[in-house]
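Here the structure is laid out as structure tokens; the discussion comes afterwards.
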Amino acid sequence: MSEDFPLQNLLAGRLRAGVIVYRGVAPRPGASLRERIAAETTALRAAAAGAPAPGFELARRLYRSFGVDPTKHRPSSEALWRRLRDRGDFPAVNPAVDLTNLLSLRYQVCYGLYDLDRLQPPLAIDLGREGDAYQGIRKDVLNLAGRIVVRDSQGAFGNPSADSLRASVSASSRGILQVLFFHPQDPRQREIVSASASAFAEFFFAAECRSFIT
């Protein structure tokens, strides 16, 4: 946990989390995010073969280490990749969500994205308990017992497969939390957290940005 931000990783040793906190967020005028997404997704789809890219295996290993079958509950990064490969479709939601989805595809890592103003500290990454559930974004209620969750004082609001409607980021969100879910043996953790914050700065102003790995 960073002394500057109240998020504790209760699964330390089994999972590593990259945490990036942005406050005072606003889009940069003239930033060509749509063009960047179009170029990168075209290249990613052209490079796609029948099987998922090797980097997704770390996310699958993370799921299996918690007894979760990654073919039944897909890591969000792999689900995005399969949607792009099979349907040529990249979901357009709003700029912060779209950029985060692009980063998830680029680095083959699961990202959670949350509106800070909708959360009530303290926050923790934990194992889902019996009864943990939430309304997903454009999905049914998700039951999270035994699965990785991010929770606040009101309950679970995030998971590396699908985030909650309650904490979802909109185009008007000004405080944003990104959580990157890493297998503890992933050697790219610091590199990806740093690159993610830099990519965000390319397309958004932020009065404050801080990051840490827990």
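Nothing in this text is a laboratory measurement; each read-out follows from the coordinates by a stated rule. Quick caveat, the model's predicted, so the values are computed rather than measured.
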In whole Hz, the Karplus estimates of ³J(HN,Hα) for segment 168-174 (6.51, -1.76, 1.60; θ = phi - 60°; x where Gly or Pro) are 5, 8, 10, 5, 9, 5, 10
For Ala156, enumerate residues with amide H under 5 Å from its amide H, sequence gap 5+ or separate chain, H modeled in the peptide plane. Ala133
If amide hydrogens are placed 1.01 Å from N in the peptide plane, which non-local residues have theirs closer than 5 Å to the one on Gln8? Leu123, Ala124, Ile125
Which values, in whole Å and largest first, are the semi-axes of the equivalent ellipsoid of segment 88-134 obtained as the square root of 5 times each eigenvalue of the Cα gyration tensor? 25, 15, 11
At q = 0.12, 0.14, 0.17, 0.25 Å⁻¹, what log₁₀ I(q)/I(0) does segment 15-115 have when each alpha carbon counts as one equal point scatterer in the Debye sum? -0.44, -0.59, -0.84, -1.43
Helix by helix, which DSSP H runs in the chain go 15 Å or more along their axis at the Cα atoms and have an average Kyte-Doolittle hydropathy of -1.0 or more? 33-47, 95-107, 189-203
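For segment 121-165, what does the relative contact order come out to in percent, with C-alpha contacts under 8 Å and a separation of six or more?
41 percent
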Under 5 Å, built H, 5+ apart or other chain: amide partners of Val169: Asp115
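Give the Kirkwood hydrodynamic radius (Å, one decimal) of segment 1-70, defined as one over the mean of 1/r across all pairs of different Cα atoms.
Working: mean 1/r = 0.0613 Å⁻¹.
For segment 1-70, the Kirkwood estimate is 16.3 Å.
How high is the relative contact order of segment 7-213, given as a whole-number percent (alpha carbon pairs under 8 Å, six or more residues apart)? Could you put the intermediate results ahead of the total?
Details: 368 pairs, mean separation 77.8, N = 207.
This gives 38 percent for segment 7-213.
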Read phi for every residue in segment 122-130 and hand back ³J(HN,Hα) as whole Hz from Karplus 6.51 cos²θ - 1.76 cosθ + 1.60, θ = phi - 60°, with x for Gly and Pro. x, 10, 8, 9, 8, 8, x, 9, 4
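Can you give the calculated 222 nm mean residue ellipticity of the chain, where each DSSP H run of n ≥ 4 adds -39,500 (n - 2.57) and the sum is split over every residue, rounded to the nearest 500 deg cm²/dmol?
Details: 5 runs with 65 residues, N = 214.
The per-residue figure over the chain is -9500 deg cm²/dmol.
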Percent of Cα pairs exceeding the 15 Å cut-off, where the set is segment 133-214: 65 percent
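Just the number, please: Stokes-Einstein D of segment 7-213 in µm²/s, Kirkwood Rh from C-alpha pairs, 10 °C, 1.306 mPa s. Kindly include the intermediate steps, with their values, before the conclusion.
Details: Rh = 17.2 Å.
Calculated translational D: 92 µm²/s.
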Mind telling me which of Ala133, Ala197, Ala171 comes out most flexible in a GNM of the chain, alpha-carbon contacts under 10 Å? Ala171
